[in-house]
Amino acid sequence: MASTQAAEKSREMPQKEAEDPSSLRISPPLSEDGAAVHDLIAACPPLDTNSLYMNLIQTTHFADTCALAREDGDVIGWVSGHIPPREPDVFFLWQVAVGEKARGKKIPKRLVADIFSREACRNVKYLKTTITPDNEASWGLFRSIARWLGAPLNESEFFDKERHFKGRHDSEILVTIGPFELPASL
């Protein structure tokens with residue numbers, strides 16, 4: 001019984017605000033957040049930067065499946081993703097960015113929890129993302145998310161360094177977490 005209760009407790013949604021007494025706020029982005037998102041990503045190497053225009057599209061067209069963390073008015077965390085048109089039960093997480101001074105507060109998991117609590121994700125049973133083989137921080141994050149969701153994590157080649165990137169980028173491994181049921185405490 002204790003192990004069942006422990007398993008259930010580990011699947012609870014990460015606390016959005018009670019865990020951190022600061023002025024941390026998590027919400028969908030607004031179009032006006034595009035430049036701040038762009039600047040945050042640029043300050044988080046080795047993340048790939050996209051154009052500012054791309055971040056504006058994310059903060060408008062994909063706002064329902066993206067989340068922003070603010071502390072004292074500053075953008076300190078970002079998760080972008082979408083529901084692929086041919087996979088309505090998949091949330092594809094594109095990018096996670098957390099500012100250096102905000103690390104260690106479980107912000108990425110809290111951002112994902114916020115996105116999963118939205119109507120846009122009501123049918124999600126799988127989380128997919130891509131990770132380069134040497135990105136230990138991302139591997140750790142997604143292993144933690146798989147444990148939180150009580151779901152298996154599988155990996156397969158997705159974009160090859162030579163075949164797809166023509167040697168200009170490391171290979172990207174497709175990570176699939178699921179199937180899972182979203183925690184009831186959403």
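The values are calculated or read from the model by the stated rules, or taken from the named source; none is laboratory data. Just so you know, these numbers come straight off a predicted model, no measurement behind them. Glycine also receives a Cβ, built like all others from the backbone with ideal geometry; neighbour counts cover every protein chain displayed.
General remarks:
- Exactly one residue out of Asp134, Asp114 is modelled with pLDDT under 95 and either surrounded by 13 or more Cβ atoms within 10 Å (Cβ to Cβ) or not basic (Lys, Arg) (or both): that is Asp134.
- Residues within the stretch 50-81 that are under 22 Å from Leu174 (Cβ atoms) and either modelled with pLDDT under 95 or surrounded by fewer than 18 Cβ atoms within 10 Å (Cβ to Cβ) (or both), tallied: 3
- Qualifying residue in the stretch 95-102 (condition: more than 13 Å from the chain's Cα centre (by Cα) and either among the small types (Gly, Ala, Ser) or crowded, with 16+ Cβ neighbours inside 10 Å (or both)): yes
- Residues of the stretch 1-49 that are assigned to a helix (DSSP H, G or I), in contact with a helix residue (DSSP H, G or I) (Cβ under 7 Å, 6 or more places away or on another chain) and either of a type in the set (Val, Ile, Thr) or modelled with pLDDT of 90 or more (or both): Ser31, Asp33, Gly34, Ala35, Val37, His38.
- In this entry, Asn135 passes the filter for residues that are touching a residue at least 60 places away in the same chain (Cβ under 8 Å) and within 28 Å of Arg110 (Cβ to Cβ).
- Residue ID - farthest from the chain's Cα centre (by Cα), chosen from residues in the stretch 128-155 that are among the polar types (S, T, N, Q) and either outside any strand (DSSP E or B) or closer than 12 Å to Pro179 by Cβ (or both): Asn154
- Any hit, the stretch 174-183, residues being over 17 Å from Asp89 (Cβ atoms) and either of a type outside the set (Lys, Arg) or surrounded by 12 or more Cβ atoms within 10 Å (Cβ to Cβ) (or both): no
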